[in-house]
Every structure is written in C-alpha cells, then in structure tokens.
1. Can you give the net charge of the other residues whose Cβ lies under 13 Å from the Cβ of Ser64, counting K and R as +1 and D and E as -1?
2. Just want the answer: with Cβ charges of +1 for Lys and Arg and -1 for Asp and Glu, which residue in Ile8, Val50, Ile66 is farthest toward the dipole's positive end in the chain?
3. Read through the labelled values (i) 15, 22, 21, 23, 14, 6; (ii) 16, 20, 19, 18, 13, 8, 5, 2; (iii) 19, 38, 21, 13, 7, 2, 0 and report the label of the one computed as P(r) over Cα pairs in 10 Å bins from 0, in percent from the structure.
4. Size of the dipole of the chain about the Cα centre, Lys and Arg at +1 and Asp and Glu at -1 on the beta carbon, nothing else charged, in debye to 20?
5. Less than 15 Å Cβ to Cβ from Arg51, Lys/Arg counted +1 and Asp/Glu -1: what total charge do the surrounding residues give?
6. If you fit an axis through the alpha-carbon atoms of helix 2-33 and take the longest principal axis of the Cα set of the chain, what angle between them do you get, 0 to 90°, nearest 10?
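Nothing in this text is a laboratory measurement; each read-out follows from the coordinates by a stated rule. Bear in mind that the values here come from a model prediction, so they are computed numbers and not experimental data. Note: ideal-geometry Cβ built from the backbone for every residue, glycine included; neighbour counts use all protein chains shown.
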Amino acid sequence: MENNLILICAIAFAAVLTILSLLAGVIAGICKLFPVKAADLPDPGAEEAVRQAVSKAFPGCSVSEIREVKS
C-alpha cells in the first residue's frame, strides 16, 4: 500500500515538473518573440494605478518611489 502511494506521488511530482517546464519554455519563447522596449515603461498612468491600488489595499500606506530594476 505504501509503495503505491509513493509511486503515485512520484508520478504526480514528475507530471507537475514537466508541465511547469513546458510553460517556462513557452513563456521564454513569447518573451523572445515580443521583447519589451524600455521606452514603453514606465507609464505615468500605471504609476498612479499602483499608488491607488496600494492605498486601497493598505490604508494609511503610500508609495514613495517606483523604480525599474534591470536584471
């Protein structure tokens, strides 16, 4: 009985790992096909949306700085 449970867990783990790997490959491919231009970011409207969302989600808090982190 325990051997079957371990086998089922191992198969499920392998299946999830395979699916996530495929999704990572698809996302990497999409990112290479459609690169983001630095001129497109940041959008002042988006910055205001972030400020409003933060103030709504965390009353009393405010956003002091939004900056782009390049990797």
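1. Net charge around Ser64: 0.
2. Ile66
3. Read-out from the structure maps to (i).
4. 100 debye
5. Combined, the nearby Lys, Arg, Asp and Glu give -2.
6. 40 degrees
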